[in-house]
């Protein structure tokens, strides 16, 4: 089910969530049995704990930079870069805005 979006409207995803000092702000834009798509705005010095999902996960940096650790391997992503992983991912090093699909 589509959430927080209008059909047939051109948007910039990074503008759908705002950074807030010391906080992680999230907004779900699609939720179904097969797919979930969420936006996150993550403040500096904040991070997401380790996640697991039932399928592959795609993370795209919309603004800022991210340090993502997967199975003890660090990846440094910048604006408009993405990474796909199966089942687990861990994020550090903010501020940034991301699109997470799983």
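Please specify each residue of the range 1-18 satisfying the condition of being part of a loop (DSSP other than H, G, I, E, B), closer than 23 Å to residue 42 by Cα and in contact with a strand residue (DSSP E or B) (Cβ under 7 Å, 6 or more places away or on another chain).
Step one: of the range 1-18, the residues part of a loop (DSSP other than H, G, I, E, B) are 1, 3-12, 17-18.
Still in the list and also closer than 23 Å to residue 42 by Cα: 3-5, 11-12, 17-18.
Across the range 1-18, the qualifying residues are 3, 4, 5, 17, 18.
Could you grab me the full set of residues in the range 1-17 that are within 23 Å of residue 80 (Cβ to Cβ) and more than 13 Å from the chain's Cα centre (by Cα)?
Of everything in the range 1-17, those that are within 23 Å of residue 80 (Cβ to Cβ) and more than 13 Å from the chain's Cα centre (by Cα) turn out to be 4, 5, 9, 10, 11, 12, 15.
Looking at the range 47-60, can you tell me whether even one residue there is exposed (fewer than 14 other Cβ atoms within 10 Å of the Cβ) and modelled with pLDDT of 80 or more? Give the derivation first.
Here is the first cut: in the range 47-60, the ones exposed (fewer than 14 other Cβ atoms within 10 Å of the Cβ) are 49-50, 52, 54-56.
Subset that is modelled with pLDDT of 80 or more: none.
No, the range 47-60 contains no residue that is exposed (fewer than 14 other Cβ atoms within 10 Å of the Cβ) and modelled with pLDDT of 80 or more.
Being at pLDDT 80 or above, in contact with a strand residue (DSSP E or B) (Cβ under 8 Å, 6 or more places away or on another chain), part of a strand (DSSP E or B) and surrounded by 14 or more Cβ atoms within 10 Å (Cβ to Cβ) is the requirement here; does residue 69 meet it? Steps first, please.
Numbers: at pLDDT 80 or above: no; in contact with a strand residue (DSSP E or B) (Cβ under 8 Å, 6 or more places away or on another chain): yes; part of a strand (DSSP E or B): yes; surrounded by 14 or more Cβ atoms within 10 Å (Cβ to Cβ): yes.
So residue 69 fails the test.
Tell me which residues, restricted to the range 30-43, are without any contact (Cβ under 8 Å) to a residue 60 or more places away in the chain and farther than 15 Å from residue 62 by Cα.
Looking only at the range 30-43, we keep the residues that are without any contact (Cβ under 8 Å) to a residue 60 or more places away in the chain, and these are 30-34, 41-43.
Matches in the range 30-43: 30, 31, 32, 33, 34.
The values are calculated or read from the model by the stated rules, or taken from the named source; none is laboratory data. Just so it is clear, the structure is predicted and the values come from calculations on it, not from any experiment. For neighbour counting, all protein chains shown are included, and Cβ atoms are generated from backbone atoms with ideal geometry for every residue, glycine included.
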